[in-house]
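All remarks here apply to the structure that follows.
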Amino acid sequence: MKNLIRLSVLVLSLLAAGNLQAQRLMIGEKAPDVKIAKWIGGSQPSGGKAQLVDFFHSTNDQCVASLSKLDALARQYSGKINFVIVGREDESKLSPLAVGKNYAFFFGLDDNGKTFTAYNVRFVPFSVLLDNRGQVVWMGNPSGLTDAILDDAVK
């Protein structure tokens, strides 16, 4: 029985340590580059602006539900913040969600998972807000985005 308890504690400790390492990003540090293999719809963001990178999966109901909020925010902060949705699925799954919707954000296909890996994304929805120098200002579930958080990125 003691061995089972020790084994359980060891496994739980390893799992907890893995979760602590799940996020390598630090507020104030330079973020990894966003590697996009293809922009769905053809348009891509211009540089020199703050950027919200939202990690997305089409089968996640929260991700799909967040698109309307992200679109509204992208319209509100147009010219100040580029909103980039990054998916690592096949284009055939993402295109129906993006093409013809007239969203104000940009929808890109991750380049062989390079961006998900560089940001060490373990769950979605997950967003990272970068200032115009590419430094991390905020990260978390996009439902937690507020005007105050976004305004900090464009100061």
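The values are calculated or read from the model by the stated rules, or taken from the named source; none is laboratory data. From a predicted model like this one, the values you see are computed outputs, not experimental measurements. Positions of Cβ are generated from backbone atoms using ideal geometry, with glycine treated the same way; all protein chains shown enter the neighbour counts.
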How many residues, within the range 19-69, are part of a loop (DSSP other than H, G, I, E, B), out of contact with any Gly (no Cβ under 8 Å at 6 or more places or on another chain) and among the small types (G, A, S)?
-> 8
Take the residues in the range 105-143 that are among the charged types (D, E, K, R) and surrounded by fewer than 21 Cβ atoms within 10 Å (Cβ to Cβ), then tell me which one is farthest from K80 (Cα to Cα).
-> R122
Counting only residues that are surrounded by fewer than 22 Cβ atoms within 10 Å (Cβ to Cβ), of a type outside the set (K, R) and either free of Cβ contacts under 8 Å to residues at least 40 places away in the same chain or part of a strand (DSSP E or B) (or both), the range 80-104 contains a total of 9
Kindly indicate whether V128 is more than 22 Å from G47 (Cβ to Cβ), β-branched (V, I, T) and under 16 Å from the mean Cα position of the chain (by Cα).
-> no
Could you list all residues from the range 71-100 that are touching a Phe, Trp or Tyr at 6+ places or on another chain (Cβ under 9 Å), under 28 Å from D151 (Cβ atoms) and modelled with pLDDT under 95?
-> A98
Mind telling me which of the residues K49, K93 ends up being of a type in the set (K, R) and in contact with a Ser or Thr (Cβ under 7 Å, 6 or more places away or on another chain)?
-> K93
Can you run down the residue pairs with Cβ atoms below 8 Å, 6 or more apart or on separate chains, where the first is in the range 24-37 and within 21 Å of D152 (Cα to Cα) and the partner is loosely packed, with under 12 Cβ neighbours inside 10 Å?
-> K30/R133
